[in-house]
Structure formats: structure tokens, C-alpha cells
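Each remark here refers to the structure printed beneath this line.
The values are calculated or read from the model by the stated rules, or taken from the named source; none is laboratory data. Predicted model, so just to flag it, every value in this text is computed and none were measured. Neighbour counts are summed over all protein chains in view; Cβ atoms, including those assigned to glycine, are modelled from backbone coordinates with ideal geometry. Heavy atoms of the whole protein, side chains included, go into the accessibility calculation; ligands, DNA and RNA do not. Shrake-Rupley method; radii C 1.70, N 1.55, O 1.52, S 1.80 Å.
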Amino acid sequence: LPSMQTSGSKPCPCPSFKLREVASMYFTMIAVFLVILVVALQGSVPRGSDFPYKVPLDPQGLLELSWNVSYPEQAVHFQLLVRDLQFGLLFGMSDRGEFENADLAVLWSDGHNSYFGDAWSDAKGQLHMDSQQDYQLLRARRAPEGLYLLFRRAFSTCDPKDYLIEDGTVHLIYGILEKPVHSLQAINISAIHRGLQRVQLLKPNITTPELPSDMKTMEIRAPDVVIPSQKTTYWCYMAELPDSFPKHHIIMYEPVITAGNEALVHHMEVFQCAAEFDSFPHYNGPCDSKMKPERLNYCRHVLAAWAMGAQAFYYPEEAGLAFGGPGSSRYLRLEIHYHNPLVFKGRRDSSGIRLYYTATLRRYDAGIMELGLVYTPVMAIPPGEDAFILTGYCTDKCTQLALPAAGIRIFASQLHTHLAGRKVVTVLSRDGRERQVVNADGHYSPHFQEIRMLKEVVAVFPGDELITSCTYNTEDQSRATVGGFGILEEMCVNYVHYYPQTQLELCKSAVDPGYLHRYFNLVNRFNDEEVCMCPQVSVPQQFFSVPWNTFNRDVLKSLYGFAPISMHCNKSSAIRFPVRIASQP
């Protein structure tokens with residue numbers, strides 16, 4: 001097949017525009033269709049160990065994707081198992097899971113022959129064969145469980161129609177063809193069974209630490225839950241540690257998924273409850289139920305978090321997450337997100353998370369620190385914005401006061417916003433210059449949040465700054481979205497996992513409220529409509545009454561960019577280090 005590269009080829013430099021025109025003409029002539037007779041392709045299915053990452057694509061489990069990442073080749077190898085092949089399928093990637101402007105590999109049949117090719121969809125969803133074939137089919141084979149397709153895709157292809165595979169979330173899309181089609185262009189993507197799945201494709205290449213001989217396990221599982229017959233359910237289950245459970249270190253955890261429910265268990269978290277309460281009530285039910293005890297809201301300290309497609313999480317050899325012992329609550333809350341779009345009824349589930357822990361304490365306690373914005377309505381996003389950026393600072397003054405001279409080491413990170421979040425990035429700044437990206441997700445989704453191990457440990461020293469920026473889309477909103485705890489309010493947080501643990505638990509900022517008051521004064525002076533600033537009127541109400549013309553939007557952006565900030569540099573006891581108002585870095 002002259003349009004395919006060999007599986008070991010490296011991405012080439014992007015050709016000039018004129019050369020690309022010539023290449024396009026050449027590929028159009030020789031690669032309009034890549035015809036294969038699937039049953040005639042030979043080759044054995046690679047061993048399961050060759051593809052360490054696996055995720056079901058569809059809720060019924062008809063499509064199962066496995067993959068591996070080759071950083072030397074700068075490529076991903078995909079293995080797609082199709083359990084019930086009819087007349088073909090679409091598989092690909094797009095910015096946020098749309099089928100328009102998507103990058104696709106397509107297998108289709110006209111009822112006699114099967115065809116495979118690299119394609120793209122335009123803004124109207126019409127499919128086109130790509131003149132540059134970058135999904136490279138390596139092998140296809142039938143097996144008792146279905147059809148295996150093995151293909152390769154470089155991270156970057158220099159093709160403007162292709163998706164750039166990068167760190168962070170990738171929105172995978174799929175479609176199943178249930179009728180024969182005579183050509184690629186005849187596929188109507190709006191009429192096929194289709195869906196999306198979110199994964200982190202580019203997993204870090206980290207060596208698995210050696211585990212100690214005295215390691216024990218503990219499973220936090222919800223017992224025999226009947227999954228509600230609704231699309232989305234958050235299920236809460238309370239567990240407790242044994243009496244007088246001494247201090248241990250969690251050194252690893254992994255998911256335990258009930259067989260057959262792999263496509264329904266979307267993500268899970270284990271939280272430890274606040275130590276100031278002697279006891280917590282037992283509960284096993286929906287998290288949004290009126291029957292859920294109010295006290296469960298005080299179980300918010302994350303011990304473990306898993307999302308679909310993630311593997312086991314390992315702590316570095318020199319650190320572990322402490323639980324048990326004096327000053328630590330015995331009570332844990334398991335939260336499971338069930339995603340049941342086909343509304344299956346009567347499915348039973350006992351999934352959860354298995355903790356691996358040791359009584360032989362490692363050199364350092366690991367800690368979790370919150371970076372980003374304070375949960376406050378003074379930080380707001382106007383309605384109708386496609387990419388509005390808010391930034392929170394962990395300033396040099398805070399790290400100078402709170403971090404040890406030898407610094408800390410960040411090894412993992414969990415990014416978090418609510419529904420309007422589209423991108424999140426945290427950078428390390430030293431001496432006024434950005435030195436390193438701590439974690440970034442340019443295709444972030446609030447529906448896919450996991451603790452991700454970093455590709456390399458980030459060292460943070462006293463005097464460094466950690467700057468977290470979130471990009472929001474409020475095009476579907478008619479009034480301002482303010483910061484806060486509610487799901488319709490917004491957050492901008494990076495929970496960084498680090499060692500050695502310090503007293504610093506929260507290092508965040510917000511605009512100085514006094515300057516926001518001046519903003520509302522300015523809005524009143526330059527607009528006919530008045531924004532009520534009476535003492536009894538809340539900040540959200542003031543934002544809701546702002547007329548969102550171009551001037552008011554631009555002034556708010558400028559305010560957030562240049563006004564002094566209120567710094568929250570908090571110990572775990574909620575007592576602040578003596579850092580308050582600071583100018584923007």
C-alpha cells in the first residue's frame with residue numbers, strides 16, 4: 001500500500017505549502033480507497049501485555065479499545081476489538097467529542113468487499129478521504145470473540161486535517177455501521193449509532209516501584225448496589241477503618257470493577273472524613289438523596305481517585321499517603337459515578353477501590369495541596385464567552401513562608417473545574433520567569449477527572465510561584481457564572497500530590513474585593529442601567545445585574561489581569577500564614 005508508512009517510521013517535518021499541494025495530488029490519485037479483504041489479512045493478535053491500557057468505548061461493550069504509547073516513535077498503537085461487526089465502524093478523535101471537524105479511521109463494507117481508510121469530517125459532518133493516510137492499518141484478524149484491528153497513529157502528522165495527540169484528555173469518538181454503504185461519502189454520520197469516550201492516551205512512562213513484603217490490602221466497595229435505571233448516578237457508601245487502626249502509608253491503589261459493568265462504572269473516589277467528628281452515620285445510597293445525612297459533606301479529603309481508562313496508581317518509593325493513627329478519622333466515603341446511557345435495569349454492582357498499604361512507614365508523608373482560585377463569587381465569567389480565562393496564584397511570598405528550604409516534589413495532579421471548564425494549566429515560575437509546566441489539559445472535560453501521575457517530578461522551592469489558569473465557555477449561559485461550591489458555579493483548582501508533607505494545604509488567590517467594588521461603580525457610571533451596590537445585595541446579584549456589553553466585559557478582563565489579589569495561604573487547620581494582599585505577579 002504505497003500511501004502507508006512502515007510501522008517504525010518517524011513523523012517527518014511539515015512540508016512547504018507548494019510541496020503539500022503536490023503531495024495531495026499524488027495521494028489523491030493512489031489512495032482514494034485502501035481496499036482490504038478483512039478475512040484475508042493474516043497475523044496473530046498481539047499479547048494483552050503489549051497493550052497495557054484498555055477502555056470500553058460503548059455502553060454495551062461491543063467495542064473495546066486497547067493501546068500502548070511509544071515515546072521513541074512518537075506514536076500510539078491501537079488495538080480495537082469489535083465484538084459484533086456488521087458493516088463497519090468509525091473511530092477517531094475530535095476537540096470535544098464532536099463528529100464535525102473530526103479525524104477518523106473508517107472501516108466500511110459495501111456487502112462484498114471491506115475498505116479501510118484515514119478520513120476527516122467537515123463542519124457539516126460530511127466524510128472525506130484524507131489525502132495523507134496517517135492511520136496505518138497493520139493487522140486485522142478474526143477471533144472467536146470478534147474482529148481485532150491493529151493500527152498506528154503518530155502523535156503529530158503535519159496534516160491540518162489530523163488531530164494533534166498531546167498530553168491531557170483525548171475525546172475518542174466511535175460509530176457503528178449497521179447497513180452496507182457503497183462509498184465513504186455515502187456514510188451519514190447523523191444516522192448511525194455513535195458515541196464518545198474520554199481517555200488520557202499519552203500515559204507517562206514511569207517505572208513501577210517495588211512493593212514491600214509486608215504490604216496489605218483493603219477493599220472499599222459498595223456492597224451489591226442495584227444501579228439505578230437512569231443515565232447518571234452518584235452513589236455514596238460509608239466505610240470505616242478498624243478500631244485503633246494505627247498510622248499506615250497507602251503506597252498504591254487500583255480499581256475493582258464488577259465483571260460486566262466495565263462500561264457503566266465511570267469514575268470513583270475515596271474520601272476521608274473530618275477528624276473533628278467522633279462518628280459518622282452509615283449510609284449506602286444516592287449522593288443526592290434527601291436521605292443522605294448532612295454530616296457526609298464533611299468527608300472531602302481525597303485518598304484515592306480513579307477514572308475509566310486509568311490503571312493502578314503508585315506512590316513514589318520514598319513517600320506514602322498517611323491514613324489511620326491519631327488525628328485521622330476512621331471514616332471513609334466511597335463515591336461512584338455510574339454512567340448508564342442505555343438505562344439498563346437491575347444491574348448489580350460491587351465495584352470500588354483496593355488500597356495497598358504498609359505499616360513500615362516510608363521516609364516521607366505525601367501531602368495534597370490546593371492551587372488555583374478561592375471559592376468566591378468575586379471571580380466570575382460573563383455569559384456568552386467562548387474562552388474566558390481566570391487565573392489563581394500561589395505566590396512567592398506564600399511559598400517562601402510555608403515551604404522547607406529543600407523544597408517539595410510534586411509527582412501527581414488532579415485538575416478540577418465545574419461545567420464551564422474547557423482548559424486548565426499550572427506553570428511553575430521562578431525569579432519572574434515561567435520555568436516548567438506542572439500539568440496541562442488543553443481538552444479538559446469536567447466529566448473526566450482523575451489523579452494523573454506526572455511524566456517527571458516537579459521540584460518547588462521557597463520563593464517559587466505556581467500559577468493556575470482555567471479557560472471557560474459560557475456560550476450557553478444567559479447570566480454571569482460566579483465562583484463557588486455549587487455545580488452551576490465555577491471552580492479553578494489543581495490538587496497537587498507532593499512530598500514531604502508541609503503545613504501548607506491551600507495556596508490560592510482571588511481578586512481584591514475592594515477593586516471589584518470599584519468595577520461595579522465604574523459600570524454604574526458608564527451605563528444607563530444601574531447595578532445595585534446596596535450593602536444587603538450580594539456579589540452574585542451585582543454580577544447578575546451587569547449589562548454585558550463589550551465595554552463591561554473588557555474592563556472585567558482587565559481588572560482580573562491587573563488588580564491586586566487577596567492571597568489565601570492556609571495551613572491544614574485553616575489558619576492562614578501571614579500573607580494577604582499582593583500585586584499580580
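Overview of results
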| read-out | value |
| --- | --- |
| Failed item in (1) in contact with a strand residue (DSSP E or B) (Cβ under 9 Å, 6 or more places away or on another chain); (2) modelled with pLDDT under 95; (3) not aromatic (Phe, Trp, Tyr), with residue 244 passing the rest | (1) |
| Neighbours by Cβ (under 9 Å, 6+ apart or cross-chain): first from segment 387-409, on the phi > 0 side of the Ramachandran plot; second open to solvent by less than 10 Å² (accessible area, probe 1.4 Å) and polar (S, T, N, Q) | 407/399 |
| Qualifying residue in segment 354-368 (condition: crowded, with 22+ Cβ neighbours inside 10 Å, in contact with an Asp or Glu (Cβ under 7 Å, 6 or more places away or on another chain), β-branched (Val, Ile, Thr) and outside any loop (DSSP other than H, G, I, E, B)) | no |
| Residue that is closer than 30 Å to residue 367 by Cα and either at pLDDT below 95 or surrounded by fewer than 20 Cβ atoms within 10 Å (Cβ to Cβ) (or both), where the choices are 522, 506 | 506 |
| Which listed residue, of 65, 85, is in contact (Cβ under 8 Å) with a residue 24 or more places away in the chain and not in a loop (DSSP other than H, G, I, E, B) | 65 |
| Counted residues, segment 369-383 - those being assigned to a loop (DSSP other than H, G, I, E, B) and either of a type in the set (Val, Ile, Thr) or more than 19 Å from residue 469 (Cα to Cα) (or both) | 3 |
| Residues of segment 222-234 that turn out to be open to solvent by 80 Å² or more (accessible area, probe 1.4 Å) and not acidic (Asp, Glu), as a count | 3 |
| Single residue of segment 175-198 satisfying the filter (assigned to a loop (DSSP other than H, G, I, E, B) and of a type outside the set (S, T, N, Q)) that is surrounded by the most Cβ atoms within 10 Å (Cβ to Cβ) | 187 |
| In segment 473-483, residue most open to solvent (accessible area, probe 1.4 Å) [restricted to those that are farther than 18 Å from residue 387 by Cβ and touching a helix residue (DSSP H, G or I) at 6+ places or on another chain (Cβ under 8 Å)] | 479 |
| Segment 548-580, subset aromatic (Phe, Trp, Tyr) and not in a helix (DSSP H, G or I), residue modelled with the lowest pLDDT | 577 |
| Matching residues in segment 246-259 - criterion: being in contact (Cβ under 8 Å) with a residue 24 or more places away in the chain and open to solvent by 30 Å² or more (accessible area, probe 1.4 Å) | 246, 247, 254, 255, 257, 258 |
| Test result for residue 299, touching a Ser or Thr at 6+ places or on another chain (Cβ under 6 Å), open to solvent by less than 40 Å² (accessible area, probe 1.4 Å) and more than 30 Å from residue 201 (Cα to Cα) | no |
| Residue count for segment 146-177, restricted to those that are of a type in the set (Asp, Glu) and touching a strand residue (DSSP E or B) at 6+ places or on another chain (Cβ under 7 Å) | 2 |
| All positions within segment 184-205 that are out of contact with any strand residue (DSSP E or B) (no Cβ under 8 Å at 6 or more places or on another chain) and in contact (Cβ under 8 Å) with a residue 40 or more places away in the chain | 190 |
| Which listed residue, of 134, 95, is buried (at least 22 other Cβ atoms within 10 Å of the Cβ) and out of contact with any Gly (no Cβ under 8 Å at 6 or more places or on another chain) | 134 |
| Strands (runs of 3 or more DSSP E) contained in segment 199-312 and holding at least 3 residues assigned by the TED database to the domain that holds residue 169 and under 24 Å from residue 342 (Cβ atoms) | none |
| Complete set of residues in segment 441-462 that are among the aliphatic types (A, V, I, L, M) and either in a loop (DSSP other than H, G, I, E, B) or open to solvent by 60 Å² or more (accessible area, probe 1.4 Å) (or both) | 451, 457 |
| Filter pass, residue 465 being of a type in the set (D, E, K, R), within 25 Å of residue 323 (Cα to Cα) and either assigned by the TED database to the domain that holds residue 304 or buried (at least 21 other Cβ atoms within 10 Å of the Cβ) (or both) | no |
| Contacts under 6 angstrom Cβ, first residue in segment 139-168 being in a loop (DSSP other than H, G, I, E, B) and at pLDDT below 95, partner open to solvent by 70 Å² or more (accessible area, probe 1.4 Å) and not aliphatic (A, V, I, L, M), 6 or more apart | 158/14 |
| Any hit, segment 492-508, residues being over 30 Å from residue 252 (Cβ atoms) and either in contact with a helix residue (DSSP H, G or I) (Cβ under 8 Å, 6 or more places away or on another chain) or touching a residue at least 60 places away in the same chain (Cβ under 8 Å) (or both) | no |
| Qualifying residues in segment 462-500 (those that are acidic (Asp, Glu) and farther than 26 Å from residue 399 by Cα) - the one nearest to the chain's Cα centre (by Cα) | 489 |
| Tally, over segment 114-130, of residues that are in a loop (DSSP other than H, G, I, E, B) and either crowded, with 22+ Cβ neighbours inside 10 Å or of a type in the set (Lys, Arg) (or both) | 2 |
